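All remarks here apply to the structure that follows.
FYI, it's all coordinate maths here, none of it is from the lab. Being a predicted model, the structure only gives us computed values, none of them experimental. No Cβ is skipped: glycine too gets one built from the backbone with ideal geometry, and neighbour counts run over all protein chains shown.
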Amino acid sequence: MPESRASEDSAGSRRPETSTPALATSPPYWSRSNSHNSDNLHRRSTSNISNISTDSSIPAGVITMRDNEASDQDERNKACWAKSVEVTDYVVVNGSTTGIGAFIVWNVRVETLQGSFMNIRKRYSEFDELRRRLVMSFPSFGAAVPPLPPKSVISKFRPKFLDKRRQGLQYFLNCIMLNPEFSGSPVLKEFLFS
C-alpha cells in the first residue's frame, strides 16, 4: 500500500500526497510488446542494452553498429586494394614545333595495400571517359563519383591552372579507387591497365 503524507498548499490547507510514481509510457522501441501496462515496461539499463545488441531477434527498426574492420565475411571491403593515389606531376607533349596539337599527360602513382607501387600515365580525356563509364555502370552511386576539374581553353598550359587540375584529378581518383564500390570494377581496371 502506498505511503500517505500530508503537505500544505499555498493557502495553508493540508491535502494528502502519495509516493506512487506516475505511470509513464515508454517509446515503442523500448518494449517488446504493444501492451502498455507496468509489467511490460522495460527500464533502460546497461544489461538491457547489451542483451539487445547481442540478441539474434532484433526488433525491426533498431539501429545496430557493425564493425567492418573485424568482419572477414564482407566481400565489399576485400575489393579495396589501393592504399593511396597521387597525381605526382604532368608532362606537356608537343605535337609539332609550333605547339599546335600539344597536350598534357598526367603521371599517377598508386600504392597498393601490399606496399608495391604502380605508375600510370593518362590524359584528361581518359579521366573523363572513366567518369562517364562509372556513372553509367553505377547509376545508383552517381553522387559518389565527383566531378572532374573544369577545362579551360585560355589557361590550359599555365602552371597555376595545371596544379589546380592536378589536385582535382587526385581527389577524383582517391574517391574512386579507395571506394569499395568502384575499386573492383572492370571499368576502373580497364582505365588502369590499358
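Just a few scattered comments:
- Hits in segment 109-142 (condition: surrounded by 13 or more Cβ atoms within 10 Å (Cβ to Cβ), among the hydroxyl-bearing types (Ser, Thr, Tyr) and closer than 16 Å to residue 168 by Cβ): 124
- Within segment 81-194, helices (runs of 4 or more DSSP H) holding 3 or more residues that are touching a strand residue (DSSP E or B) at 6+ places or on another chain (Cβ under 6 Å): 159-177
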